[in-house]
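The block underneath contains the structure these notes are about, expressed in C-alpha cells.
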There are 2 protein chains.
Amino acid sequence: MKKATRRQTKAHNDRLILKTIYDKGEISRADIARLTGLTRTTVSDAVAAWMGNGLVAEVGVGRSARGKPPILLSVVDDARHLIGIDLADNVFRGAVVDLRGGIRCRHSLPVDERDGDAALAVVYELVGELVAAASSSILGIGIGAPGLMDPRRGVVRNAVNLDWHDLPLGYLLEERYQLPVYIANDCQVAALAECTFGRGRDVSNLIVIQVGRGVGAGIVLNRSLYCGDGCGAGEIGHVKFVDPGDRCRCGHRGCLETLVSTRAIVRRARAIALDDPGSALHRFAVEPGAIDLDAVFGAFQAGDEQVRSAIADVARVLGRAVAGLVCTLNVECVILAGRVTRFGQEWVELIRDEVGRAALAALADETQIQITELDADIVVLGAAALILSHELGLV
Amino acid sequence: MKKATRRQTKAHNDRLILKTIYDKGEISRADIARLTGLTRTTVSDAVAAWMGNGLVAEVGVGRSARGKPPILLSVVDDARHLIGIDLADNVFRGAVVDLRGGIRCRHSLPVDERDGDAALAVVYELVGELVAAASSSILGIGIGAPGLMDPRRGVVRNAVNLDWHDLPLGYLLEERYQLPVYIANDCQVAALAECTFGRGRDVSNLIVIQVGRGVGAGIVLNRSLYCGDGCGAGEIGHVKFVDPGDRCRCGHRGCLETLVSTRAIVRRARAIALDDPGSALHRFAVEPGAIDLDAVFGAFQAGDEQVRSAIADVARVLGRAVAGLVCTLNVECVILAGRVTRFGQEWVELIRDEVGRAALAALADETQIQITELDADIVVLGAAALILSHELGLV
C-alpha cells in the first residue's frame, strides 16, 4: 500500500481515461465521464492531452436521443509502434505491432544453434531491422525469452539453450536503441497476449500453457501477469511426473516436458517406426531420425493407430497437469498454445476428458479449455503487450 | 481500474496511516509522514480520528537527536475484538481475538456428526458464547469453513461433511448478531493467518498446505488472498495422483487426499496392524478400528519400521504435490499445517527432499518449507484476519 498523492491521482485518472477509450473502441467524452465517474472537466483535460500527443483522435459523431450529437473518440492504432521479439525457438521472430495487436511487419532470423554472444548478435540484427521498419514512433521493445528471467532488472537469469546466464539484455538493448525495453519469460508473455489481444480479453484469471520444444505456463491473475518471487512461476514443464522417467534437460528425470513436448512426441514416433511394422511410420525404420513433427502429424491425420494412441497418451498426461492447475488456481480459462496444438480439437477433447477425471468436478465444469487464436504470433504479441502494459497501462 | 476520487484518496491514506502504525508497532507522527510521504497535516488529522475512536493511543516518548522528543503512537490491541470461528473439523472451534492475533478466550463445541440445521445450531451457540465473552466492542465475525465458499455473497456453496448446500451463513449470522460477517474456505483463511500473524508476515507470496482429515491449500499472492474465479483455488486435495486408487469423498478415485490425509495414514496403519506381525501395531490386529492418529504417532516415535516407512511414503507423495505448487507459483514460503504436522521435522525433511528431486532446482532451492507456528489456532486466527483485512485494511 503506497500513499495516493494528487499527482498519482491525476496520472491514474489519465490512464483510466485512455484505457476506457481503448477498451470501448469508440466513445464520447460524456460517456467516459459516466463510465468512470470522473468530472467532465477532468475527462476533457485528459483527452486534450492524449490528443495532443497523437494517441487519441476524434473519429466521428455518435447518436444522441436529443441535443447535439456527441463527438466520438478513439485510440489511434498506429499512433505508436511496438517491437515484439520472440526468442523461444531456434528461429528468433519479431514484429512491428500497432496498439491493437495488428502486425505491421514480421521478420525472423535463424539461430542455427548459435548461442552466447553469437545469439545476442542475432537479436541485435533482428531488433535493428524492425526498428528501421517501424513507420511510427516506437513506444518500446518487448522480449519474450525462454528460461528464467528477472523482468525487474531486465536480466536473463538463465536460458540454457542460448547459454545466457545473468545477461543484462534489457540494459544492452536500451543502450543500443535508446528505447524502453521489457523482458519476461516467453510463456508468461504469451499469457499477457491472450488477456490483451486474445480469448482472455474479458476474463480476470487465465493460464496459457505452451507446449512446443519446451513446456511452460503463463499465469494472469486479476488481469496482471503473476511471475512469482523468483520470476519462475509457470515452470510446470519441470515438475516430475513419472519415476524414474527419461532424462530432462533440467537435470532431473521424468519431468512433464519429457512426456508431452514436441521432442517427446517425436521420440515416441521414432520408437513406433522401429518397433511396429503395422504403423505408417515404419517406412522410416531405416532412418528414424528423419521423423519430425510434420511426419507424426501426417500419420496422425492418416489415422495411424499407433500414432493416434501415442498422441492420446500425451494428451492424457497433459490433461493430468492441467487438472492440477485447475484445482490449484480455479481460473475460468485455460488456453493451449505452441506447436503441439496442431493436433487440434480431438487432442483438446482428450485433455478435457482427463481434466474431468482428474480434477474436482465443480472446478473442472467451470473451466474453459481452448486452443489460442493467436497462433504462432502469441509470444511476439505478448512481448508487445508487455510494453503497452508498462508504458500506457492498457493491459 | 476504477477512478480515484478525493474521498477515496482520503480513505486510502487514513488506512495507510493506521497500517503503518500497526506494522511498526510504535512510531511517531513525523516518522509516519516520512515513511508514507504524506504531509504532517494529513498524518495528524488521520491520527486524531483514529485516536478519537480508540484504535490508536499515544504510548510514550521516543528518542530524538535534537529538539523535542517525539510522542510514539501504537494501535491499541484490545480496542476491538474479533470473533474467529473454525468449522473445519468435527469440533467447531472459536475464539475472541485481539487486533494482534492474541487469543482472549477460546471455546469449542463437539459436532458429533450433526449436519444441516443441527450443525447450524451449534454454530449459533458457539458464536453466542463468544459474543458474550468479548470484553471489547466487536469488529466482526470471521468464519473458516470446509468446502466451496462464496466469500462475496457469504454463502457456503457446498460443505459435504456438514450437508450444507448454498447456505447463506453470512446473512444468517449478520441478521442474528448485527455484526459484519466474513466467510472463506478454512485453508484459504489459514493462509491469511500466516501472512498476518505467522511466519508469512514479511513475505509477499506464500502457500499454506493443510493436511488433516482433508487436504487443501490457501494461496496468498502479493499479500492478498487468491480465491480463484469460483472461489475454489487451493483444492489440491482433489487432484488425481494415482490410477485407479482409492475412492475419495469427492466421487473420484486416487486423489491426493486418499494418500496423505489423516484418514489415509490411519487406513495404512490398520493394514500394517493386520498384515505385519513385526509391527508394534500388530497388537491392534484383533481390533484395527481402534487405531487412531495417536496410536500411529506412538508407533512412529517408538521407531516402528513399517509405520516409519508408511509415513515416509506419505511425505514423498505430499512432496511431489508441493513440487507442483513450487514450480507453478514460485512462492518463497510454503507452510505446512494441520494434524499431520505432528510427525515433525523429520517428516518435513522428507518433503523437502522430494521437492528437491521433483521441482526445478533453481525454484526448489529458493523455497522455504516449514511447519506453522500457529498450531491448531491457525483457522481461528485466519478467520479473525479476514475481519481485520475487510474492516481495517490491516492485512
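Quick note: the coordinates plus some simple rules give every number you see, no bench work behind them. Quick caveat: nothing in here was measured; it's all calculated off a predicted structure. Counting neighbours? That spans all protein chains shown, and the Cβs are built from the backbone with ideal geometry, glycine included.
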Within a 10 angstrom radius of each residue's Cβ in A:316-328, how many Cβ atoms of other chains show up on average? Whole number is fine.
5
Restricting things to Cα coordinates, could you compute the convex hull volume per residue of chain A in Å³?
173
For chain B, take the longest principal axis of its alpha carbons; what is the angle in degrees between that and the long axis of helix B:378-392, to the nearest 10 within 0 to 90?
30
Taking the range A:103-239 and dividing mean pair separation by its residue count, relative contact order in percent (alpha carbons under 8 Å, at least six apart):
18
To the nearest whole number, what is the average tally of beta carbon atoms from other chains within 10 Å of the beta carbons of peptide B:196-205?
1
Counting partner chain Cβ atoms within 10 Å of every residue's Cβ in A:9-15, what's the average?
3
For chain A, averaging the sequence separation of alpha carbon pairs under 8 Å that lie six or more residues apart and dividing by its residue count, the contact order in percent is 15
Taking the Cα of B:Glu391, stepping 7 Å toward and past its beta carbon, and measuring to each backbone N in the range B:93-109: which are under 11 Å?
B:97-99
Separation of alpha-carbon centers, the range A:308-335 and the range B:333-388, rounded to whole Å:
26
Once phi for every residue in the range A:171-181 is put through the Karplus expression 6.51 cos²θ - 1.76 cosθ + 1.60 (θ = phi - 60°), the whole-Hz ³J(HN,Hα) values, with Gly and Pro written as x, are 4, 4, 6, 4, 4, 6, 10, 6, 9, x, 10
Label distances, nm, B:Glu129 versus same residue in remaining copies, Cβ-directed 7 Å point:
7.5
Given label points at 7 Å from Cα along Cα→Cβ, what nm distances, shortest first, separate A:Ile71 from the same residue in every other copy?
5.5
Which parts of the range A:169-207 would a label at A:Glu373 reach, counting a residue when its backbone N lies under 11 Å from a point 7 Å out along Cα-to-Cβ?
A:197-202
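Can you tell me the order of B:161-170, A:286-295, A:244-253 when each peptide is scored by its average per-residue count of other Cβ atoms within 10 angstrom, highest first?
B:161-170, A:244-253, A:286-295
In percent, how large is the relative contact order of the range A:310-354, given Cα pairs closer than 8 Å and 6 or more residues apart?
Result for the range A:310-354 is 72 percent.
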What do you get for the angle between helix A:116-133 and the principal long axis of chain A? Use alpha-carbon atoms, 0 to 90 degrees, nearest ten.
40
On a 0 to 90 degree scale, rounded to 10, what angle separates helix A:186-197 from the longest Cα axis of chain A?
50
Placing the label point 7 Å from Cα along the Cα-to-Cβ direction, what are the distances from A:Gly52 to the equivalent spots in the other copies, shortest first, in nm to one decimal?
3.9
Pick from A:Ile351, A:Ile17, A:Ile71 the residue whose mean-square fluctuation is largest in a GNM of chain A, springs joining Cα atoms under 10 Å.
A:Ile71
